């Protein structure tokens with residue numbers, strides 16, 4: 001018998017599909033407070049699978065644990081747990097948020113290109129201004145994705161249909177996806193949509209040709225601060241930066257300097273350096289910045305429960321069959 005602990009909100013059709021599987025016993029627990037992240041040993045000690053947003057502080061007491069499915073794409077909070085040493089597999093929610101994040105990216109490109117924040121400020125001031133900067137269009141512009149995971153692939157699908165060019169920067173090129181959760185009809189599963197793919201040796205060339213730079217990397221010790229002042233200076237002064245991934249991927253001071261000095265035209269930021277972003281943080285007051293409170297792929301979307309439970313049930317079936325999990329995180333990335 002495989003024992004599962006459910007530490008996420010229950011979705012009726014999902015729990016029913018799970019309970020219909022043979023040799024599976026699922027136990028649902030009430031959410032625990034952010035300030036007290038412990039679970040009773042009697043509840044967790046015999047569980048083989050944990051479905052959660054954040055593992056409990058006393059994870060070491062889950063002595064029978066074999067696999068953790070998290071409800072987020074970012075998995076930096078798993079790195080300190082040393083799961084590979086314990087022979088515990090982990091998988092994330094990659095693909096669940098791609099549609100919403102891609103739509104956020106397109107919305108931000110439109111907002112930045114037409115300076116909708118400027119138009120709204122004019123509206124508030126009762127100012128009639130038909131300047132050319134409010135009448136530009138996206139078609140023909142170039143979007144660059146630093147990283148080509150799910151959010152980048154779905155955004156690519158959308159913007160290619162809008163007449164934009166797509167360039168991609170990756171360490172090892174673009175390949176077809178395997179064992180990755182993807183909503184049918186979305187994304188770029190075969191990896192054929194980008195116009196040009198650059199590797200890190202050609203990073204400066206990649207950056208020089210962009211109207212938009214979209215950050216699409218996971219956050220880990222190797223990627224923290226990967227976007228440097230030098231990288232931002234390599235962008236055209238007319239370029240905008242979009243970060244729906246993780247705030248600390250971009251050096252904070254470098255970003256502030258670039259925005260203040262005008263070495264880039266602006267930014268749209270959904271992920272930040274502190275949560276919540278303090279009211280006194282300078283990003284709030286910069287006129288060339290759009291800030292959103294980490295909602296581009298919100299777990300409060302009406303579609304989130306359906307998708308995260310669809311992923312989990314599919315993965316439980318794979319687990320029972322001894323297959324590779326969808327979105328299984330490479331052990332090297334968990335160190």
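The values are calculated or read from the model by the stated rules, or taken from the named source; none is laboratory data. These numbers come from a predicted model, not from an experiment. Positions of Cβ are generated from backbone atoms using ideal geometry, with glycine treated the same way; all protein chains shown enter the neighbour counts.
A few notes on this one:
- Looking across 136, 156, one residue alone is part of a loop (DSSP other than H, G, I, E, B) and either under 22 Å from residue 329 (Cβ atoms) or without any contact (Cβ under 8 Å) to a residue 60 or more places away in the chain (or both). It is 136.
- Of 326, 219, 320, all but one fail to be surrounded by 13 or more Cβ atoms within 10 Å (Cβ to Cβ), assigned to a loop (DSSP other than H, G, I, E, B) and assigned by TED's automatic domain parsing to the domain that holds residue 49; the exception is 326.
- Members of segment 183-203 found to be loosely packed, with under 15 Cβ neighbours inside 10 Å and assigned to a helix (DSSP H, G or I), listed by number: 200, 201, 202
- For segment 237-255, taking the residues that are more than 19 Å from the chain's Cα centre (by Cα) and crowded, with 16+ Cβ neighbours inside 10 Å, the one that is farthest from residue 288 (Cα to Cα) is identified as 254.
- Within segment 118-130, not a single residue is in a loop (DSSP other than H, G, I, E, B) and within 29 Å of residue 328 (Cβ to Cβ).
- Hits in segment 267-289 - residues which are buried (at least 19 other Cβ atoms within 10 Å of the Cβ) and within 19 Å of residue 106 (Cα to Cα): 267, 268, 269, 270, 271, 289
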